[in-house]
Every structure is written in structure tokens, then in C-alpha cells.
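One structure below.
The values are calculated or read from the model by the stated rules, or taken from the named source; none is laboratory data. Since we're looking at a predicted model, the values are computed, not measured. We place every Cβ from the backbone using ideal geometry, glycine too, and count neighbours over all the protein chains shown. Protein only, heavy atoms only, side chains kept; ligands, DNA and RNA dropped before computing areas. Shrake-Rupley method; radii C 1.70, N 1.55, O 1.52, S 1.80 Å.
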Amino acid sequence: MATWSAPGKVFLFGEHAVVYGKPGLAMAIQPRVQVTVRKARHPARPRSSYIQECFRETGVRGTVYVRSQLPSASGLGSSAAVTVATLSAINEEFEKGYTREQVADLAFSIEKKVQHGLASPTDTYVTSFGGLVLIRGPERLRLPPRNIPLVVGNSRVSHNTGKMVERVAREREVRPAMVNAVLEAIEAVTEEAVGALQNPPELGRLMNINHALLEAIGVGHPALSRLVLASRAAGAYGAKITGAGGGGCMIALAPKRARGRVAGAMESCDAQAIVTTIDTQGARREAHA
Ligand code: PMV
């Protein structure tokens with residue numbers, strides 16, 4: 001029996017622009033998914049298609065038990081975390097000898113297959129390695145970890161990443177001058193943010209700008225706007241959509257004294273609030289009780 005866990009992730013800056021080769025800044029967060037795998041000759045078929053693919057790709061058979069602190073399909077990378085934790089547990093239980101890079105690469109190819117080619121390598125990379133990751137074209141740069149405490153607000157409005165990516169692509173066809181200018185502005189915000197990671201008030205202002213730019217390209221949602229405004233009114237330095245938008249989650253950066261108030265403000269908008277910070281471990285082996 002082997003148990004591994006892997007963290008969720010948020011996009012701090014640059015979502016959508018990253019699809020067009022602009023930089024994106026993502027961070028692993030503390031809520032985790034934990035997966036136990038045990039060898040079995042005639043296991044039941046796993047319900048998750050990600051887990052089915054993990055067994056198919058590695059050519060082994062086993063039972064799986066999943067516990068998750070991450071809401072699924074909300075943009076916090078739960079499918080990537082499940083895939084990486086399952087592959088890591090298979091790796092130990094069946095002595096496959098994969099490196100962490102190999103697990104991350106295999107997890108990405110599984111995400112791509114299950115999501116019909118629409119996955120970006122961001123989620124699987126961040127959940128495998130943890131920390132802060134700057135994506136720039138084909139490069140994935142691990143930045144020195146910083147404590148960036150966040151309040152994540154899950155709007156509970158379901159969204160579809162592929163559809164939101166398509167919506168931006170269509171908008172770009174209709175209004176190329178405007179959308180390209182916004183994507184460039186998002187790039188400038190992300191680059192500034194990389195230099196402001198130790199300055200929370202400045203980082204908050206940059207989040208507010210990034211949020212407005214995301215709304216300009218059509219990935220806002222009234223529930224997310226409400227959460228962003230409520231967080232700012234409750235004392236956050238800044239707040240924005242995180243991930244694909246159109247539903248899913250937003251994040252707020254708040255001084256310590258305001259974090260509880262920001263979480264309360266989100267909950268009074270019917271959202272789930274998660275107070276969290278950076279995870280620096282990525283996928284890790286869990287001891288058995
Ligand atoms: O909703 P998420 O966290 O999977 O983020 C999607 C981010 C996009 O930039 C919109 C797409 C991508 O694959 O990077």
C-alpha cells in the first residue's frame with residue numbers, strides 16, 4: 001500500500017495571456033488531494049477517468065482510495081493533483097522508478113488526453129514540484145518561494161476552462177487590436193508582479209488591474225465580481241479572478257488582521273472561503289497511521 005498527496009494551485013497573474021505565449025505566474029496552495037494505491041488482481045474500475053488513465057498508462061492493477069480538501073472543477077487544479085498523487089502512489093507501490101519530472105510529464109499527457117488536448121502543463125507541473133512557478137512560453141521557471149497568504153473564494157458557479165479559452169480566442173478574432181492590447185497589458189502586470197512579490201500592497205494593486213483586464217476580455221462573471229468587490233471592501237489589498245473565470249474561483253490578498261473579515265465577506269456572498277498560503281513541497285509521500 002502506498003499513499004501520496006499533491007497540492008492544489010492558483011494562478012496569481014497572467015491566466016489566458018499565457019495561452020498566447022505571455023508569462024503566467026502560478027503558485028501551489030496548501031489544500032491537498034491524498035491518494036492510496038494498493039496492488040489488487042481484480043480491482044473495481046475507478047470512477048475518475050484521470051485515475052483510469054493512470055492505471056492504463058502504467059499497465060498495473062490496483063485499488064484506489066482518494067481523500068480531497070480541494071473542490072473539484074473550480075480551477076484549483078484538483079484533477080492534476082489527483083493524477084500526480086495517483087501516479088506517485090503507483091510509482092511506489094509497483095516500484096516503477098519514475099523521477100518527479102517523469103511523473104509530471106506523464107500526468108500532463110494524461111490530462112491532455114482526458115481533456116481532449118485542452119490542458120496546459122501549468123497545473124501538473126505546479127502540483128508536482130510545489131512553490132511559485134513562472135511560465136514563459138515553453139519555459140517553466142521555479143522562483144524562490146515566498147509566503148503569499150491568500151483567501152480563495154470558490155463561487156460554486158461551475159465553469160469550463162476549454163470554453164473560456166475559446167471565448168477569448170473568438171473575442172480576439174472579432175476585436176484583434178483591443179484583445180491583443182489587453183493581453184500585452186496583462187503581460188506587463190505579470191512582469192511587474194514578479195518584482196513585487198515582497199510588497200503585498202503593490203501586489204494587491206496589480207491583482208486589481210489584472211482582474212479588470214480579465215473582465216475586459218470577457219471572462220468575468222457577476223458572482224466573481226461580487227466576491228472581488230466584497231473582499232476589497234473587507235480590507236483586502238487586492239482581489240482577482242484566478243484561472244479560467246466565468247465561474248470557479250477568485251483570490252484575495254489581505255493583511256493578516258483582515259483575513260478573517262475577507263473570508264466572512266466571501267461566505268456572506270454564498271461562496272466557500274479557503275484561507276491558505278504557498279505549498280513548497282509538491283507531491284509528497286504520506287506515512288500510514
Ligand atoms: O481554470 P484553470 O485554473 O485550469 O486555469 C486556466 C488557465 C488558462 O490560462 C485560462 C488556460 C491554461 O491552460 O493556461
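Laid out as a table, the results:
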{"item": "Answer from Ala44, Ala81 - the residue that is assigned to a loop (DSSP other than H, G, I, E, B) and out of contact with any Phe, Trp or Tyr (no Cβ under 6 Å at 6 or more places or on another chain)", "result": "Ala44"}
{"item": "Residues within segment 10-47 that are within 16 Å of the ligand (Cβ to nearest atom) and either at positive phi or open to solvent by less than 10 Å² (accessible area, probe 1.4 Å) (or both), tallied", "result": "16"}
{"item": "Lone qualifier among Glu173, Glu192, Glu166 - being open to solvent by 70 Å² or more (accessible area, probe 1.4 Å) and within 14 Å of the ligand (Cβ to nearest atom)", "result": "Glu166"}
{"item": "Residue ID - farthest from the ligand (Cβ to nearest atom), chosen from residues in segment 108-138 that are outside any loop (DSSP other than H, G, I, E, B), more than 24 Å from Thr277 (Cα to Cα) and open to solvent by less than 40 Å² (accessible area, probe 1.4 Å)", "result": "Ile110"}
